[in-house]
Amino acid sequence: MKSKLSVLTVLLTLSFFIAASVAEAQNRHSSTELGIILGEPTGLSLKLWQSNNTAFDAGFAWSFGGNGALHIHADYLRHSWLDINNGDLALYYGLGGRLLLRDDPRVGARIPVGMQYIIPDTRLSVFFEVAPLLDLVPATSFEVNGGLGIRLFI
């Protein structure tokens, strides 16, 4: 249990420093988005824009697989903007990690791929994401997460 708290403390500390260093992204209401994601897992979604093409995202959610567990992930994302007539649409991909806290905690890598649409004349964005997972601790296993979400620029 002590090692779980240590890992969680390190992740929260890193998240704080990342948030404190966020630069204002171009053409956004702000550089921070907060919302929800529905799927596997389901919970809170946070996105911190670093530039027009890069961002950090994090999820604090509940995984319903197995007996259920707290799922925490953090990713670095690259965006490729598509030319559309109304709003902003991006394809994105990235690399990150996840921590699954349950009776037998797991630590692994994530490779998220998705699309995000920023709704014009609002502070809202919607997204769809699929993230293959490779758990490395305590044993190697493969899973896939995914979901739909909505976030508000705060």
Report yes if some residue within segment 109-121 is without any contact (Cβ under 8 Å) to a residue 60 or more places away in the chain, crowded, with 19+ Cβ neighbours inside 10 Å, in a strand (DSSP E or B) and of a type in the set (K, R); otherwise report no. yes
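Do we have V130 as under 16 Å from A58 (Cα atoms), in a strand (DSSP E or B) and in contact (Cβ under 8 Å) with a residue 24 or more places away in the chain here? Steps first, answer last, please.
On the way: under 16 Å from A58 (Cα atoms): yes; in a strand (DSSP E or B): yes; in contact (Cβ under 8 Å) with a residue 24 or more places away in the chain: no.
No: the conditions fail for V130.
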Within segment 93-115, can one find any residue that is at pLDDT 95 or above, among the hydroxyl-bearing types (S, T, Y) and within 18 Å of G35 (Cβ to Cβ)? no
Of all residues in segment 61-81, how many are part of a strand (DSSP E or B), farther than 14 Å from E33 by Cβ and of a type outside the set (A, V, I, L, M)? 8
What number of residues within segment 71-91 are touching a residue at least 12 places away in the same chain (Cβ under 8 Å) and farther than 15 Å from D135 by Cβ? 14
Residue hits (segment 61-75; in contact with a strand residue (DSSP E or B) (Cβ under 7 Å, 6 or more places away or on another chain) and surrounded by fewer than 15 Cβ atoms within 10 Å (Cβ to Cβ)) are W62, F64, G65, G68
Which listed residue, of S15, S30, S51, S6, is hydroxyl-bearing (S, T, Y), at pLDDT below 95 and assigned to a loop (DSSP other than H, G, I, E, B): S30
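Name the single residue that is farthest from R98 (Cα to Cα) among those in segment 114-137 being aromatic (F, W, Y) and in contact with a Ser or Thr (Cβ under 9 Å, 6 or more places away or on another chain).
So the first thing to find is which residues in segment 114-137 are aromatic (F, W, Y), and the list is 117, 127-128.
Subsequent filtering for residues that are in contact with a Ser or Thr (Cβ under 9 Å, 6 or more places away or on another chain) retains 117, 127.
Values: Y117: 25, F127: 19 Å.
This residue is Y117.
The values are calculated or read from the model by the stated rules, or taken from the named source; none is laboratory data. Not measured: the values here are computed from a predicted model. Note that we place each Cβ from the backbone using ideal geometry, even for glycine, and neighbour counts take in every protein chain shown.
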